[in-house]
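The values are calculated or read from the model by the stated rules, or taken from the named source; none is laboratory data. Please read these numbers as outputs of a predicted model, since none were measured by experiment. When we count neighbours, we look across all protein chains shown, and the Cβ atoms used for this are built from the backbone with ideal geometry, even at glycine.
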Amino acid sequence: MMEILSSMKNPKVMAWRSLKDRKGREAQQAFLVEGVRMVREAFSSSFDVRALLLREGFDPGFVLPDAIPVYQLPDHVFQAVCDTKTPQGVAAVLAMQAREASGPRLLALDGVQDPGNVGTIVRTADAAGFDGVLFSPECADLFSPKVLRSTMGSVFRLGFSFPSALPEALEELKTGGYSVISSQLDGDPFYERKGLSSTFVLVIGNEGNGVSDAVKAVATHRLCLPMRGGAESLNAAIAAGIMMYDLTR
């Protein structure tokens, strides 16, 4: 059954609109994805899809699920719910769920705050063959609209952990045999690295301040990409991509 919701004051509509903000997402333990591709990815993932939202007159091109509530919204209501200026016409509300970051190849983000960087790094981690990502509390919210769009669906394929204290989480991994790689400008040459174990976690630091001192203290390796030209540093997502692909080469 498809339910039609035409009022901006409808409680469901108001709840969905609040998912644009971190406070609303945390209160409902839910987030919203937009567009045919992201919705398809959501359906094929392990995430619990709470609702499917359709703009009036839009055909998503797939069979509507029987077990998920479907709501039809007029254009002005649908646009108010979505974050993009020109939404595609379909969106889905998903429940947040813990999928622990585990496996031999892990990434840790230490205060990466730009949503585009976070999403791009997650997408690249998926492409490079990493297994999961740890986020420090200072990172941009993984479930924010801009981060989700930047992941291009990779959010549905990796494990994620949100430790309250990243240094302690990395210390635990190190005790379990992981090499902890701190990417930092004053580190040793990245391509001359030695002694990495088969299980490792690569740490990418804040765009302005880099990896925190507490995390550096945990690291088993402190590495830097060569700067052969005049640039003093690289964008966090670019540096992460170069390192991830070389570490999995």
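Taking the criterion of being more than 24 Å from the chain's Cα centre (by Cα) and of a type in the set (Gly, Ala, Ser), the residues of region 42-93 that qualify are Gly57, Gly61, Ala67. Residues in region 199-226 that are among the polar types (S, T, N, Q), under 25 Å from the mean Cα position of the chain (by Cα) and at pLDDT 95 or above: Thr199, Asn206, Ser212.
Summed over region 227-238, the residues that are within 22 Å of Thr151 (Cα to Cα) and either surrounded by fewer than 17 Cβ atoms within 10 Å (Cβ to Cβ) or more than 17 Å from the chain's Cα centre (by Cα) (or both) give a count of 3. Restricting attention to region 72-91 and to residues that are buried (at least 23 other Cβ atoms within 10 Å of the Cβ) and in contact with a Lys or Arg (Cβ under 8 Å, 6 or more places away or on another chain), the residue that is nearest to Leu32 (Cα to Cα) turns out to be Val81. Residue check: is Ser144 of a type in the set (Gly, Ala, Ser) and either over 27 Å from Trp16 (Cα atoms) or at pLDDT below 95 (or both)? Spelling it out, it is not the case that Ser144 is of a type in the set (Gly, Ala, Ser) and either over 27 Å from Trp16 (Cα atoms) or at pLDDT below 95 (or both). Applying the criterion of at least 1 residues that are more than 25 Å from Thr84 (Cα to Cα) and in contact (Cβ under 8 Å) with a residue 12 or more places away in the chain to the helices (runs of 4 or more DSSP H) found wholly in region 114-179 leaves 115-128, 166-175.
Provide a single number: the residues in region 1-48 that are at positive phi and in contact with a His (Cβ under 9 Å, 6 or more places away or on another chain). Of the residues in region 1-48, 0 are at positive phi and in contact with a His (Cβ under 9 Å, 6 or more places away or on another chain).
Can you tell me which of Asp110, Asp131, Asp188 is within 30 Å of Phe43 (Cβ to Cβ) and modelled with pLDDT of 95 or more?
On the way: Asp110 fails: within 30 Å of Phe43 (Cβ to Cβ); Asp188 fails: within 30 Å of Phe43 (Cβ to Cβ).
Just one listed residue meets the conditions, Asp131.
Among the residues of region 198-249, the ones that are farther than 26 Å from Ala165 by Cα, in contact with a Pro (Cβ under 9 Å, 6 or more places away or on another chain) and outside any loop (DSSP other than H, G, I, E, B) come to 0 in all. Do we have Pro115 as over 18 Å from Phe47 (Cβ atoms), of a type outside the set (Asp, Glu), surrounded by 14 or more Cβ atoms within 10 Å (Cβ to Cβ) and under 13 Å from the mean Cα position of the chain (by Cα) here? Spelling it out, Pro115 is indeed over 18 Å from Phe47 (Cβ atoms), of a type outside the set (Asp, Glu), surrounded by 14 or more Cβ atoms within 10 Å (Cβ to Cβ) and under 13 Å from the mean Cα position of the chain (by Cα).
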